[in-house]
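The values are calculated or read from the model by the stated rules, or taken from the named source; none is laboratory data. The structure displayed is predicted, hence computed values, not measured ones. Cβ coordinates were reconstructed from backbone atoms using ideal geometry, including for glycine residues, and neighbour counts include every protein chain displayed. What goes into the accessible areas is simple: the full protein's heavy atoms, side chains included, and nothing from ligands, DNA or RNA. Shrake-Rupley method; radii C 1.70, N 1.55, O 1.52, S 1.80 Å.
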Amino acid sequence: MEEVKLLGTWPSPFCYRVIWALKLKSVKYEYVEEDLVNKSDRLLQYNPVHKKIPVLVHGGKPISESTVILEYIEEVWPQNPLLSEDPYERATARF
């Protein structure tokens with residue numbers, strides 16, 4: 001299995017939505033706490049445009065923005081779906 005890392009900071013709700021998705025999917029990952037005052041070279045490398053967290057790194061490939069990360073998690077690890085199969089229920093969950 002490819003290595004999974006999450007770059008984040010406490011108490012970001014954007015990071016925690018990714019953390020909970022990974023936990024619900026039983027995906028093993030390494031959490032890397034970032035200091036947003038003194039951003040690491042790793043964060044600047046993985047998210048050079050916005051320089052923000054969260055960033056999910058899967059197999060060395062970074063994905064930024066929590067909603068994009070959630071979609072990626074759902075596609076890569078389809079077990080334990082995060083959203084219902086019903087379109088209306090999915091829409092209300094996203095709202």
query: Do you know which of the residues in region 67-89 that are in contact with a helix residue (DSSP H, G or I) (Cβ under 8 Å, 6 or more places away or on another chain) and part of a loop (DSSP other than H, G, I, E, B) is farthest from E3 (Cα to Cα)?
result: S84
- prompt: Only one of L44, L6 is at pLDDT 95 or above, among the aliphatic types (A, V, I, L, M) and touching a strand residue (DSSP E or B) at 6+ places or on another chain (Cβ under 6 Å); which?
  reply: L6
task: Kindly indicate whether E85 is in contact (Cβ under 8 Å) with a residue 40 or more places away in the chain, open to solvent by 80 Å² or more (accessible area, probe 1.4 Å) and acidic (D, E).
output: no
message: Looking for something aliphatic (A, V, I, L, M) and over 17 Å from the mean Cα position of the chain (by Cα) - is there at least one such residue anywhere in region 58-72?
response: no
query: Which residue out of V76, V57, V68 is on the phi < 0 side of the Ramachandran plot, modelled with pLDDT of 95 or more and touching a His at 6+ places or on another chain (Cβ under 8 Å)?
result: V76
message: V55 - would you say it is of a type in the set (V, I, T) and buried (at least 19 other Cβ atoms within 10 Å of the Cβ)?
response: yes
field: First in region 48-64 and of a type in the set (K, R), second anywhere and crowded, with 18+ Cβ neighbours inside 10 Å, Cβ under 8 Å, 6 or more apart
entry: K51/L43; K52/S64
field: Residue list for region 58-79, filter: surrounded by fewer than 12 Cβ atoms within 10 Å (Cβ to Cβ) and farther than 23 Å from T9 by Cα
entry: E75, P78, Q79
